[in-house]
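First up is the structure itself, then whatever we jot down about it.
The values are calculated or read from the model by the stated rules, or taken from the named source; none is laboratory data. This structure is a prediction, so every number in the text was calculated from the model and none was measured. All Cβ positions, glycine included, derive from the backbone under ideal geometry; neighbour counts span all protein chains shown. Each accessible area value is taken on the protein alone, full model and side chains, heavy atoms only, with ligands, DNA and RNA left out. Shrake-Rupley method; radii C 1.70, N 1.55, O 1.52, S 1.80 Å.
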Amino acid sequence: MYTYNFFEDAMNLRDIFDDFFTRKTSYEPYREFPFVKIHEGNDRLTITSLMPGIKPENVDIQLVDDSLVIAGEKKADYEEKPYLRKERFFGEFKKSIKLPYRVNHQSIKADLKDGVLTITLEKSEEAKPKKIEIL
Amino acid sequence: MATDKNLTYNENLNKKVYVPVADIYETEDLYSLKMEIPGVTKENLDISIENNELTISAKSSIEEKADEKCRYSEFSSMDYKRSFRIGNDIDRGKVEAKLENGVLTLLLHKHETVKPRKITINQIN
């Protein structure tokens, strides 16, 4: 049985207005979760991603062709309590990042600490410039 | 614990100050607040209560290596700040904080006097 409660709708509407006018949440909302940053230096790529509240076992990182695919699930930690505010996002996510060059498959390192995922990739030997001697 | 005061940018710094998203629930004994502050360690986190205002400010500890160039970015170096107005029902001395995987959990206990109390009826005769 569901009883229609007008106030619930009114509160939702209020939230929608509040969000629209005042809320400036962390991160940029028009980007897809998770937010990433790519740094390059000395044949090395560092990908940093913000993943608060996500456990390492719920993240799956794959190298598919020349893309790095980060997939996973952020599990809701809601309790059976009357919430005053619910602003956090939960759910499944998947993001593919195209890498600028081929990377060494063996030397990929991923580390999740304090809600920040850091993936270190090294340029593969084949992608490095090769000098060709003229005989 | 209702209204959250609007947030300002830190004027003297170029760094953006983000408003972290929060979940808040209330029970008979306490308020629980969960906030996402990825990249923050215990040392860089500052929680204070002053004049009915709970302020959480934090500095991100994501390092930028000097020899690396930024190629693509969807977020900038972050500092976080958010304030909440809190009522007198919260016991200032009884606030628990926990930081785990970039999620801060604050438990703000209510004063004993405002907690609901069952009154037992003494039977005479």
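Restricting B:Lys69, B:Lys94 to those that are surrounded by fewer than 18 Cβ atoms within 10 Å (Cβ to Cβ), within 19 Å of the chain's Cα centre (by Cα) and either among the charged types (D, E, K, R) or modelled with pLDDT under 85 (or both) reduces the list to B:Lys94. Scanning the stretch B:100-114 for residues being surrounded by fewer than 19 Cβ atoms within 10 Å (Cβ to Cβ) and in contact (Cβ under 8 Å) with a residue 60 or more places away in the chain gives a total of 3. B:Glu68 fulfils the conditions (1) at negative phi; (2) touching a residue at least 12 places away in the same chain (Cβ under 8 Å); (3) touching a Gly at 6+ places or on another chain (Cβ under 6 Å) except for a single criterion, (2). Kindly provide the set of residues from the stretch A:30-53 that are touching a residue at least 12 places away in the same chain (Cβ under 8 Å) and at the interface with chain B (Cβ under 7 Å from one of its Cβ atoms), ordered by number. Residues satisfying the conditions are A:Phe35, A:Val36, A:Lys37, A:Ile38, A:Glu40, A:Thr46, A:Thr48, A:Leu50, A:Met51, A:Pro52, A:Gly53.
Restricted to the stretch A:72-89, and to residues there that are more than 17 Å from A:Thr118 (Cβ to Cβ) and open to solvent by less than 40 Å² (accessible area, probe 1.4 Å), the residue that is farthest from the other protein chains (Cβ to nearest Cβ) is A:Lys74.
Please tell me if B:Glu68 is touching a Phe, Trp or Tyr at 6+ places or on another chain (Cβ under 8 Å), over 23 Å from A:Glu79 (Cβ atoms) and among the acidic types (Asp, Glu). Don't jump to the end; show me each part of the working.
Details: touching a Phe, Trp or Tyr at 6+ places or on another chain (Cβ under 8 Å): no; over 23 Å from A:Glu79 (Cβ atoms): yes; among the acidic types (Asp, Glu): yes.
In short, no.
Can A:Ala127 be described as under 18 Å from B:Glu68 (Cβ atoms), open to solvent by 30 Å² or more (accessible area, probe 1.4 Å) and more than 18 Å from the chain's Cα centre (by Cα)?
Details: under 18 Å from B:Glu68 (Cβ atoms): yes; open to solvent by 30 Å² or more (accessible area, probe 1.4 Å): yes; more than 18 Å from the chain's Cα centre (by Cα): yes.
Yes, satisfied.
Among residues of the stretch B:17-50 being within 13 Å of B:Leu99 (Cβ to Cβ), charged (D, E, K, R) and at the interface with chain A (Cβ under 10 Å from one of its Cβ atoms), the one that is surrounded by the most Cβ atoms within 10 Å (Cβ to Cβ) is B:Glu36. Once the stretch A:97-124 is narrowed to residues that are surrounded by 13 or more Cβ atoms within 10 Å (Cβ to Cβ) and among the hydroxyl-bearing types (Ser, Thr, Tyr), the residue that is nearest to A:Lys55 (Cα to Cα) is A:Thr118.
Annotation: B:Thr55 fulfils all but one of (1) open to solvent by less than 30 Å² (accessible area, probe 1.4 Å); (2) at the interface with chain A (Cβ under 10 Å from one of its Cβ atoms); the unmet one is (2).
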